[in-house]
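Single-structure report; data block below.
The values are calculated or read from the model by the stated rules, or taken from the named source; none is laboratory data. Worth saying up front: this structure is predicted, and the values here are computed from it rather than measured. Because the Cβ atoms are built from the backbone with ideal geometry, glycine has one as well, and the counts that use them run over all protein chains shown. When the accessible area is computed, the model is the full protein with side chains, heavy atoms only, and any ligands, DNA or RNA have been set aside. Shrake-Rupley method; radii C 1.70, N 1.55, O 1.52, S 1.80 Å.
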Amino acid sequence: MSMFIAQDHPVTTSDAQLCEDCRQLEARDPHERRLAEWAHLDVTAQHSPHAAPEQGLVLVAHPPTTSMTSRIELRLDSAPVGTATLTCCTACQAATLDYVHVTAGHRRLGYGRALVAAALVRAPGYTWTAPLPSSGPGTSFRARIPFPRAAPPCIHRQQTSAR
């Protein structure tokens with residue numbers, strides 16, 4: 001099972017722990033636990049929209065409809081706090097991280113990194129790209145994602161968008 005803890009260090013379920021900062025935060029104020037809960041998020045556990053648990057931090061996978069683009073939503077107690085969209089082409093074995101957004105009140109808590117990790121799990125072994133947005137609060141975040149910014153366009157994606 002793949003899990004992420006603070007600072008993007010992958011660990012296994014048996015040794016997952018909250019980072020020391022999270023422990024101190026929770027010791028001062030137990031209500032802050034929800035903010036630190038991403039540290040125990042299993043990015044491989046992605047629920048369908050209608051079967052997602054209503055409590056805690058949950059990843060919800062929305063499958064592609066008419067295009068090759070799917071969406072992963074991060075919910076905290078049923079409220080959306082982040083989303084990532086990705087486009088995968090099985091024929092080319094190529095994937096693009098199109099968009100990552102975390103609500104303003106939940107930024108800088110690792111939720112964006114958890115969404116990126118969840119996207120990677122959806123298409124293991126694929127060649128990934130993550131175009132850099134031209135502006136906005138996510139520009140510096142996306143600049144730190146270690147994916148190439150551009151790649152030759154997928155011919156299948158071009159055919160889908162032309163329809």
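Within segment 99-125, residues that are on the phi < 0 side of the Ramachandran plot reach partners that are acidic (Asp, Glu) with beta carbons closer than 6 Å, at six or more positions or on different chains, in the pairs 113/8. Looking across segment 101-145, the residues that are aromatic (Phe, Trp, Tyr) and outside any helix (DSSP H, G or I) come down to 126, 128. Identify all residues within segment 101-127 that are of a type in the set (Val, Ile, Thr) and surrounded by fewer than 21 Cβ atoms within 10 Å (Cβ to Cβ); write none if there are none. Scanning segment 101-127 gives 103, 121, 127. Residue count for segment 52-100 under the criterion of being open to solvent by less than 20 Å² (accessible area, probe 1.4 Å), under 18 Å from residue 129 (Cα atoms) and in a loop (DSSP other than H, G, I, E, B): the result is 0. Residue check: is residue 87 touching a residue at least 12 places away in the same chain (Cβ under 8 Å) and under 17 Å from residue 154 (Cα atoms)? The answer is yes for residue 87.
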